[in-house]
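Participant: Please find one structure pasted underneath; my questions will follow.
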Amino acid sequence: MTDQGRTGDETASGAERADPADSGADGDTDGGEPTEPSPAPGVPEDVRSYERFTKIEGGEYERVNDFVRERTYVTAREWAIARLCADFRTDTGVEMTKIGENLPRLVPFMTDTYTPQAVNQARAAFEEKVRKSGATFLYGAMSGFFTPEELDDMLYEVTEVAKFLLEVEGVDLTVEEELDAEDRISAAMREVREASTEVRHDGERCPNCGHEIGTEVEADADTDTETETGAEADD
């Protein structure tokens, strides 16, 4: 691949071509006992021992990309490279050269090497899409367009997709961990809804239950002030 590399949402055009580096035999070609393949010269140890994405080993890029894009706004290329950038981060930064040169070894459905510039571009595209998607979701949650029940259903669906992608990466979540994560996310979203409702309807009647919003906060503040004033008078 040239230094101009890949740009934007371009998919890996070589996804359907076999990688010559991965097409060697596993054993002795002379008919003897199979032997363990020797490590490729120059391949770093952390690359050889990397075990993410093994659950989709042998999958073609186009199929993986279609699956990811049906459920998220990122491409499979951006997803995989963002994961690698998080895993191959050192005190001095991300090892983009190592990631790009060993991409087919690190991610089974990627068949071409990338330049450091192409790796950085894919990571930046991932971050930008996550930022915009997050703003869109949070606005929807804060705007009052959805009922609490609808938001709970939506949150459940997106959480299931996120958990599945984590499992594909190789993260094993226990049932207890999944339930705990769901509970914490739901609690955080309830706080977001309540806070946004107060901001949007401060001093108004709640459209759902009819109580006056914001009065409780003001009453608590007045009570605290009176308590402090009384304490000063006693002194």
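Participant: For region 84-103, which positions are part of a strand (DSSP E or B) and either surrounded by 19 or more Cβ atoms within 10 Å (Cβ to Cβ) or in contact with a Phe, Trp or Tyr (Cβ under 9 Å, 6 or more places away or on another chain) (or both)? Break it down stepwise before answering.
Facilitator: Taking region 84-103 and keeping what is part of a strand (DSSP E or B), we get 89-90, 93-94.
Once the filter is applied, which keeps residues that are part of a strand (DSSP E or B) and either surrounded by 19 or more Cβ atoms within 10 Å (Cβ to Cβ) or in contact with a Phe, Trp or Tyr (Cβ under 9 Å, 6 or more places away or on another chain) (or both), region 84-103 yields only Val94.
Participant: Please work out if Arg123 is at pLDDT 95 or above, surrounded by 15 or more Cβ atoms within 10 Å (Cβ to Cβ) and part of a helix (DSSP H, G or I). Spell out the reasoning first.
Facilitator: On the way: at pLDDT 95 or above: yes; surrounded by 15 or more Cβ atoms within 10 Å (Cβ to Cβ): yes; part of a helix (DSSP H, G or I): yes.
Taking the combined requirement at face value, the residue satisfies it.
Participant: Residues in region 169-189: is at least one among the aliphatic types (A, V, I, L, M), assigned to a loop (DSSP other than H, G, I, E, B) and either modelled with pLDDT under 80 or more than 21 Å from the chain's Cα centre (by Cα) (or both)? Steps first, answer last, please.
Facilitator: Residues of region 169-189 that are among the aliphatic types (A, V, I, L, M), as a first pass: 171, 173, 175, 179, 181, 185, 187-189.
Applying the additional criterion that residues be assigned to a loop (DSSP other than H, G, I, E, B) yields 171, 173.
Still in the running and either modelled with pLDDT under 80 or more than 21 Å from the chain's Cα centre (by Cα) (or both): none.
Among the residues of region 169-189, not one is among the aliphatic types (A, V, I, L, M), assigned to a loop (DSSP other than H, G, I, E, B) and either modelled with pLDDT under 80 or more than 21 Å from the chain's Cα centre (by Cα) (or both), which makes the answer no.
Participant: It is to be established whether one or more residues within region 192-201 are modelled with pLDDT under 90, surrounded by 14 or more Cβ atoms within 10 Å (Cβ to Cβ) and touching a His at 6+ places or on another chain (Cβ under 7 Å).
Facilitator: Within region 192-201, not a single residue is modelled with pLDDT under 90, surrounded by 14 or more Cβ atoms within 10 Å (Cβ to Cβ) and touching a His at 6+ places or on another chain (Cβ under 7 Å).
Participant: Would you pick out the residues in region 40-83 that are closer than 15 Å to Ile99 by Cα, of a type in the set (Asp, Glu) and in a helix (DSSP H, G or I)? Let's see the steps before the verdict.
Facilitator: Within region 40-83, the subset closer than 15 Å to Ile99 by Cα is 42-53, 77-83.
The next check asks that each one be of a type in the set (Asp, Glu); those that pass are 45-46, 51, 78.
Within region 40-83, Glu45, Asp46, Glu78 qualify.
Participant: Also, I was wondering about something else. Does any residue in region 134-159 that is farther than 13 Å from Ile185 by Cβ come within less than 6 Å, Cβ to Cβ, of a residue that is of a type in the set (Ser, Thr, Tyr) and part of a helix (DSSP H, G or I) six or more places away or on a different chain, and which pairs are these?
Facilitator: Listed by first residue and then by second, the contacts come to Met142/Ser196.
Participant: Take the residues of region 104-120 that are hydrophobic (A, V, I, L, M, F, W, C) and assigned to a loop (DSSP other than H, G, I, E, B): which is nearest to Ile185 (Cα to Cα)? Working first, answer last.
Facilitator: First, pick out the residues of region 104-120 that are hydrophobic (A, V, I, L, M, F, W, C): 106-107, 109-110, 118-119.
Add one more test, that the residue is assigned to a loop (DSSP other than H, G, I, E, B), and what stays is 107, 109-110.
Working: Val107: 30, Phe109: 31, Met110: 33 Å.
The qualifying residue nearest to Ile185 (Cα to Cα) is Val107.
Participant: Let me ask something else. Glu182 passes all but one of (1) among the acidic types (Asp, Glu); (2) surrounded by 14 or more Cβ atoms within 10 Å (Cβ to Cβ); (3) in contact (Cβ under 8 Å) with a residue 40 or more places away in the chain; which number fails?
Facilitator: Going through the list (1) among the acidic types (Asp, Glu); (2) surrounded by 14 or more Cβ atoms within 10 Å (Cβ to Cβ); (3) in contact (Cβ under 8 Å) with a residue 40 or more places away in the chain, Glu182 breaks only (3).
Participant: Can you work out which of the residues in region 69-83 that are buried (at least 20 other Cβ atoms within 10 Å of the Cβ) and among the β-branched types (Val, Ile, Thr) is nearest to the chain's Cα centre (by Cα)?
Facilitator: Filtering region 69-83 for residues that are buried (at least 20 other Cβ atoms within 10 Å of the Cβ) and among the β-branched types (Val, Ile, Thr), the one nearest to the chain's Cα centre (by Cα) comes out as Val74.
The values are calculated or read from the model by the stated rules, or taken from the named source; none is laboratory data. This structure is a prediction, so every number in the text was calculated from the model and none was measured. Positions of Cβ are backbone-derived with ideal geometry, glycine not excepted, and every protein chain shown enters the neighbour counts.
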